[in-house]
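For reference, the structure is listed below as structure tokens.
The values are calculated or read from the model by the stated rules, or taken from the named source; none is laboratory data. These figures come from a predicted structure and were not determined experimentally. Positions of Cβ are backbone-derived with ideal geometry, glycine not excepted, and every protein chain shown enters the neighbour counts.
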Amino acid sequence: MSTDFHQKSVSLLSEQLAEKGIDIQELLSKISAFQIAVPSWALGAGGTRFGRFSIGGEPRNLEEKLDDIGLLARLTKKTDAVSLHIPWDIPQDAQAIRQKAAELGISFDAMNSNTFQDYGQSLSYKMGSLSNANAAIRQQAVEHNIQVIEIGKSLGSKGLTVWLADGSNFPGQAHFRKALQWTEESLKSIYSKMPDDWKLLLEYKPYEPNFYHTVIPDWGTSSFLCRQLGGRAKVLVDLGHHLPNTNIEQIVATLMHQGMLAGFHFNDSKFGDDDLSTGSIKPYQLFLIFCELVGGAEENAQAWESISWMIDASHNTKDPIEDLIQALESIAQAYAKALLVDRAKLAQCQVEGDVVGAQEILQDAFLTDVRALVREARVRSGGEDDPLAFYRKEKIREKLIAKRGKNSQASGL
Ligand code: RM4
Ligand code: MN
Ligand code: MN
């Protein structure tokens, strides 16, 4: 798009919005301020249980993962943090890593522990970790999480994300109540080792890798456990961790109502935990989620700043950097559209029972083309006007392949 055309689009939008009483400058600064963390495991091509197809030039170590996120940050101005996964990302020299990240303008978002696979530790997690019937295995899983906190402290992180894969595949395999009780006790031991200025983000997921029962299957169980821990434990909503047709925006509203929303793992899905690019399948749902977020923050249910934002996706057919550029753009668009909703009019429609009017208000915002707005915010922050086009024009993947090889990959998914 030419600069001239872009400027015309911005002026037109500015006029349209002014008519609705919306100040474009304020919108631009909100969009610019909104930053989303990128997970370290999204930089390499992911796989399925059937196979993995390397795209080449993938980061071979933590330093190179940081380089890729630094590039994303520079192009998009939409991310300024990385979320690490332990043991995939154990830094050899935490000080050096911290310094490198700082030079790239990147900080360390929540740390992710991993008790869903075996990686050489002495006792196996095959039958579960924090909920395992064997106390020694539970203890090992607790110690792993404490180690993750220690690594996070050395990097300046302020959070621990726990996703518990524990569950069972067949009736009778696990004792539901005991498994929950042991999970609660294990989480309490972890929580007690967390610094005062840290938060614990507890994920839930209905199924996979277990297919009969999952110990923390839903937001209700997650929030129940968080309440047993204390005020710094909150529920993390991973968009892919819901059964089809679940009203996720309502879950978001309910959690905000109770001040229990820790943050997000953004992705999109058609069937389950598909980890597809955010906004690629259900952009309207993403918009409705942002409507709840914007509304909840405006109405003081929960402060915007108390919520953590992160992408959690893994792609096996796209260039991961291109995919992350698309995801960051989609999230920014959904947020921008939610900011356009006339909340006063919507409240009035709700009081008057004007169903049609309410739908018109939401769709008017959703159908507004905000691409020029997001682009303008990015350019004003010093980013590329078209990050994807720039990435392709500069042949960045080709350069990465030349540098790192065709079949490079760090540990991860
Ligand atoms: C899980 C969950 C976790 C992520 C792992 C890799 O399904 O979403 O957040 O750390 O995948
Ligand atoms: Mn997740
Ligand atoms: Mn997931």
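So in the range 143-162, with the set limited to residues that are more than 20 Å from residue 98 (Cα to Cα) and surrounded by 22 or more Cβ atoms within 10 Å (Cβ to Cβ), which one is nearest to ligand 1 (Cβ to nearest atom)? Among those that are more than 20 Å from residue 98 (Cα to Cα) and surrounded by 22 or more Cβ atoms within 10 Å (Cβ to Cβ), it is 162.
crowded, with 21+ Cβ neighbours inside 10 Å, within 14 Å of ligand 2 (Cβ to nearest atom) and within 19 Å of the chain's Cα centre (by Cα) - does that describe any residue in the range 183-202? Yes; the residues of the range 183-202 include at least one that is crowded, with 21+ Cβ neighbours inside 10 Å, within 14 Å of ligand 2 (Cβ to nearest atom) and within 19 Å of the chain's Cα centre (by Cα).
Restricted to the range 163-175, and to residues there that are within 13 Å of ligand 1 (Cβ to nearest atom) and out of contact with any Pro (no Cβ under 6 Å at 6 or more places or on another chain), the residue that is farthest from residue 306 (Cα to Cα) is 167. Consider the range 19-53 and keep the residues that are β-branched (Val, Ile, Thr) and in contact with a strand residue (DSSP E or B) (Cβ under 9 Å, 6 or more places away or on another chain). The one that is farthest from residue 71 (Cα to Cα) is 36. Count of the range 258-276 residues, restricted to those that are farther than 15 Å from residue 290 by Cα and away from ligand 1 (no atom under 15 Å from the Cβ), is 4. Taking residues in the range 150-171 that are within 15 Å of residue 39 (Cα to Cα), and partners anywhere that are within 14 Å of ligand 3 (Cβ to nearest atom) and among the hydrophobic types (A, V, I, L, M, F, W, C), the pairs with Cβ atoms closer than 6 Å and at least 6 places apart or on different chains are 159/201; 161/201; 162/202.
Close Cβ contacts (under 6 Å, 6 or more residues apart or on different chains) running from residues in the range 10-33 that are farther than 13 Å from residue 370 by Cα to residues that are part of a helix (DSSP H, G or I) and of a type outside the set (Asp, Glu) comprise 32/377.
Within the range 152-182, restricting attention to residues that are away from ligand 3 (no atom under 16 Å from the Cβ) and among the hydroxyl-bearing types (Ser, Thr, Tyr), the residue that is nearest to the chain's Cα centre (by Cα) is 157.
Among the residues making up the range 14-70, those that are buried (at least 21 other Cβ atoms within 10 Å of the Cβ) and not hydrophobic (A, V, I, L, M, F, W, C) are 39, 40, 44, 57, 58, 59, 65, 68. Looking for something modelled with pLDDT of 95 or more, farther than 27 Å from residue 175 by Cβ and over 18 Å from the mean Cα position of the chain (by Cα) - is there at least one such residue anywhere in the range 125-148? Yes, the range 125-148 has at least one match. Out of all the residues in the range 217-267, which are free of Cβ contacts under 8 Å to residues at least 40 places away in the same chain and part of a strand (DSSP E or B)? 234, 235, 237, listed by residue number.
Yes or no, residue by residue, for (1) in a helix (DSSP H, G or I); (2) among the hydroxyl-bearing types (Ser, Thr, Tyr); (3) surrounded by 15 or more Cβ atoms within 10 Å (Cβ to Cβ):
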position: 350; (1), (2), (3): yes, no, no
position: 359; (1), (2), (3): yes, no, no
position: 374; (1), (2), (3): yes, no, yes
position: 412; (1), (2), (3): no, no, yes
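Counting the residues of the range 227-243 that are crowded, with 23+ Cβ neighbours inside 10 Å and either more than 16 Å from ligand 2 (Cβ to nearest atom) or more than 16 Å from residue 214 (Cβ to Cβ) (or both) gives 3. Among the criteria (1) surrounded by fewer than 22 Cβ atoms within 10 Å (Cβ to Cβ); (2) under 16 Å from residue 346 (Cα atoms), the one residue 270 does not fulfil is (2).
Tell me, please, whether a residue that is assigned to a helix (DSSP H, G or I), touching a helix residue (DSSP H, G or I) at 6+ places or on another chain (Cβ under 6 Å) and over 21 Å from residue 248 (Cβ atoms) can be found in the range 292-307. Within the range 292-307 (the criterion being assigned to a helix (DSSP H, G or I), touching a helix residue (DSSP H, G or I) at 6+ places or on another chain (Cβ under 6 Å) and over 21 Å from residue 248 (Cβ atoms)), the answer is no, since none of the residues qualifies.
The residue that is farthest from residue 72 (Cα to Cα), counting only those in the range 321-346 that are among the hydrophobic types (A, V, I, L, M, F, W, C) and not in a helix (DSSP H, G or I), is 341. Among the residues here, residue 286 does not qualify as buried (at least 22 other Cβ atoms within 10 Å of the Cβ), more than 16 Å from ligand 3 (Cβ to nearest atom), under 14 Å from residue 259 (Cα atoms) and touching a residue at least 40 places away in the same chain (Cβ under 8 Å). Considered as a group, the residues in the range 82-107 that are within 15 Å of the chain's Cα centre (by Cα) and buried (at least 22 other Cβ atoms within 10 Å of the Cβ) include one that is nearest to residue 148 (Cα to Cα), and that residue is 84.
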